[in-house]
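Note sheet for the following structure.
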Amino acid sequence: MDNALILEISRKQFASASLDDVTFTENGDADALIKDLEHFPHAFVLGCLMDRQIQAEKAWEIPYKVFNQTRAKTIPELSSIGRDEYVRLFEKNSLHRFNEKMAAIFYGGVQDIKTKYAGNAANIWANKPSSAAVVGRFLEFEGAGPKIATMAANILVRCFKVPLFDYYSIDISADRHVKRVMTRLGLVPKNSTVEKVIYKAREISPEFPGLIDCACFETGRKWCHQGKPDCKNCELNRDCKKVID
Ligand code: SF4
């Protein structure tokens, strides 16, 4: 496949991306909390850490629910709550599919922000660090693998317009939508590994591999459905190889 179209769409999406157009949750107040990076950067970080193995909208709502239930919003307040208390809170309110494990990750995230970042999560991305530094710092949180770490960095530069020194280490987050679309486009062979998908994105957009993440993800959600793809209306139709089972 010629990469020109997906790059063109991706560049336009990146240039026009606005926080106003992003919805993290289905709850306006919870969304406002995540978007308030100036006052509650830890809500964004904790939301990222929760975003696994459940619907993304529910995961991003967890910091808001925890803040409300505990009446603690700041890192000094949140860090005074013990791990067992978080476990009880998660289990009582069924906040996640894996309540005990994710409560421990939430607790660990709060403690790390307190000790490593002087209680201010914005220090993770302060002073225009390299993308490698930001991704690496997210990876140090318990529960954050490459998918979460690169997603976090990608959202920071794309939606919050956080300045970084470079974008080289912001890889594509190879979720099911991204893998399906890249396969059907003919960019990667069927049943490719996550690593293969990541390296293909690096080949297409070396200076910012995660640039094409949004185009693939949105195409997967809007048109390239698992069942019957809506190729007629798809933005990538012109150059797509349509490798469909
Ligand atoms: S043209 Fe069809 S198969 Fe190709 S990405 Fe779009 S929806 Fe998927």
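Read-outs throughout are calculated quantities, based only on the coordinates presented, and are distinct from any laboratory measurement. Just so you know, these numbers come straight off a predicted model, no measurement behind them. Please note: Cβ atoms are built from the backbone with ideal geometry, for glycine as well, and neighbour counts cover all protein chains shown.
Structure summary
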item	result
Filtered residue count, region 187-206, keeping only those that are part of a helix (DSSP H, G or I) and either free of Cβ contacts under 8 Å to residues at least 24 places away in the same chain or out of contact with any Pro (no Cβ under 8 Å at 6 or more places or on another chain) (or both)	8
Members of region 1-55 found to be in contact (Cβ under 8 Å) with a residue 24 or more places away in the chain, surrounded by 15 or more Cβ atoms within 10 Å (Cβ to Cβ) and among the small types (Gly, Ala, Ser), listed by number	Ser10, Ala17, Ala30, Ala43
Near pairs, Cβ below 8 angstrom, 6+ apart or cross-chain, from region 226-239 (closer than 20 Å to Lys190 by Cα) to any residue that is more than 9 Å from the ligand (Cβ to nearest atom) and in a loop (DSSP other than H, G, I, E, B)	Asp239/Met1; Asp239/Asp2
Among the residues listed as Asp171, Asp175, the single one being away from the ligand (no atom under 16 Å from the Cβ) and closer than 30 Å to His42 by Cα	Asp171
Residue in region 207-221 that is touching a residue at least 24 places away in the same chain (Cβ under 8 Å), away from the ligand (no atom under 11 Å from the Cβ) and not in a helix (DSSP H, G or I) present	yes
Any hit, region 142-158, residues being surrounded by fewer than 16 Cβ atoms within 10 Å (Cβ to Cβ) and not in a loop (DSSP other than H, G, I, E, B)	no
Members of region 74-121 found to be closer than 30 Å to Tyr167 by Cα, touching an Asp or Glu at 6+ places or on another chain (Cβ under 8 Å) and small (Gly, Ala, Ser), listed by number	Gly108, Gly109
Members of region 80-99 that are surrounded by 13 or more Cβ atoms within 10 Å (Cβ to Cβ) and either closer than 18 Å to Gln53 by Cα or under 24 Å from the mean Cα position of the chain (by Cα) (or both)	Tyr86, Val87, Phe90, Glu91, Asn93, Leu95, His96, Arg97, Phe98, Asn99
Candidates Glu195, Glu207 - the one that is among the acidic types (Asp, Glu), more than 15 Å from Ser10 (Cα to Cα) and within 20 Å of the chain's Cα centre (by Cα)	Glu195
